[in-house]
1. How would B:30, A:264 line up from fewest to most surrounding beta-carbon atoms within 10 angstrom?
2. Take every residue in peptide B:6-12, count the Cβ atoms of other chains within 10 Å of its Cβ, and give the average of those counts.
3. Work out from phi, with θ = phi - 60° and the Karplus expression 6.51 cos²θ - 1.76 cosθ + 1.60, the ³J(HN,Hα) of each residue of the stretch A:141-153, listed in order in whole Hz, and give x for Gly and Pro.
4. Under the rule a/c < 1.5 gives rounded, and otherwise a/b versus b/c splits prolate from oblate, where does the stretch A:105-222 land using the Cα gyration tensor?
5. Provide A:52, A:98, A:32, A:90 in ascending order of the number of other Cβ atoms located within 10 Å of each residue's Cβ, fewest first.
6. Net charge near residue A:89, counting Lys/Arg +1 and Asp/Glu -1 over other residues with Cβ under 14 Å of its Cβ?
7. Using the number of other C-beta atoms within 10 angstrom as an exposure proxy, rank A:135, A:202, B:16 with the fewest first.
8. Mind jotting down the distance between the C-alpha centroids of the stretch A:265-339 and the stretch A:163-215, whole Å?
Amino acid sequence: MVRLTKTVKSSGCAAKLPVGDLESVLSSIPLMEDDRLIVGFETSDDALAWDMGDGRVMVQSVDFFPPVTDEAYDFGQIAAANALSDLYAMGAQPAVAMNVMCFPSCMELSVMKEILLGAQDKVREAGAVIAGGHTIADSTIKYGLSVTGFTTKDRLWRNSTAREGDVLVLTKRLGVGIINTAIKADMASDEAAVKALESMKTLNKRAYECAQDLAIHAATDVTGFSLLGHLDEMARSAGLCAHVDTAAVPVFDEALELARFGLIPEGAYNNRAYMEGRVTVAEGLPRELVDVLYDPQSSGPLLLAMDEEAASTFISRFGAPAAIIGRFSKAEDSHIVLR
Amino acid sequence: MLDTSGYSCPEPVLMTKKALKDRPKDFVVIVDNVASRENVTRYAEAIGYTVTTKAEGAKWTLTLTR
């Protein structure tokens, strides 16, 4: 049996290019504009949004990464949940998807089949269909999907439109990047591994559904750039400051313990370096807790901004581990204040 | 002394863990990237060592004492 994570250097969303490197390239390329492109590149949103001209909006994204878990079927499920999450983060219902696969020519084809079956089951659970895709031979496995969904103009959620006074709601626990690093080092407990796997396999569908009729002012999903990276994008683009109550952030206890022992993916340090100077950390916060807030998440939670009343309705519908983790205020010197 | 240059996380932590198995009083670990520097420091501190860090060019020398 091949342990998929042993075949790659970095796994899941921790394999993202450092955000600073990416921005330095993207900022040097002219933006393409079109009147019907209502969400494009400029706000680093989760997906593009295309005005269909009849009140409907098409939302499209693509996401793929190296194996984040050892079982091929699980990896397919996680990759699909992760890709579909970009649609849920825009308030869109997934409709169609296409496979994107890099696969070693020497590896057993049954591994590819299991990945595709896992993804298919997850896409079906989302109420969407996979129809085709593209595969190339490569030295290591990478898999994901291009995904397309639909919403309406008044229900499109952006990451850039949070309002002063909004509270922030997070819908999954953080720390799967750290637990995955510990799994690679054979230092994670079976219990931690199972919890991380279940979390990554969980679609953000229910979070999207519970928020459907609520006034969501802004939304994103937390993936490779970590909670603080994605929150920074939200705060910066809205010209606000996010105050995070770190004790309220849902995290896996195991991730805190593993972070204390230095089992933190390199991507977390890239995220931290990129955010240098934009985050104020209150004195006395445990180092491992701050580490988890920079941890790259694969198939992570939705992060929603709304007023307090909507948040309490959402949390009573969704249940644990959803929690209010902070609040937006007027712009301050830093974009994020941790206390 | 342990030189973890060229290795990426979590490997340097595992190498350090193995090297500290017999709990030496002092030990020196060389790292060549920020993630390894931070992770080896966290590991050593978590098991009771004090870490002093010295930058040397593109590498760091971590001195572990207990």
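A short reminder: the numbers here are calculations on the coordinates, not readings from a lab. Everything quoted here is computed from the prediction, not taken from an experiment. Cβ: placed from backbone, ideal geometry, glycine included. Neighbour counts: every protein chain shown.
1. Neighbour counts put them in this order, fewest first: B:30, A:264.
2. On the way: counts 0, 0, 4, 14, 14, 2, 1.
The mean count of partner-chain Cβ atoms within 10 Å per residue comes to 5.
3. 6, 9, 8, x, 9, 8, 10, 10, x, 9, 8, 10, 4
4. Judged from the Cα gyration tensor, the stretch A:105-222 comes out oblate (a/c at least 1.5, b/c at or above a/b).
5. In order of increasing Cβ crowding within 10 Å: A:32, A:52, A:98, A:90.
6. On the way: positive: A:155, A:158, A:172, A:205, A:206; negative: A:45, A:46, A:63, A:86, A:209, A:221, A:233.
After counting each charged neighbour, the total is -2.
7. The fewest-first ordering by Cβ neighbours comes to A:135, A:202, B:16.
8. The stretch A:163-215 and the stretch A:265-339 have Cα centres spaced 13 Å from each other.
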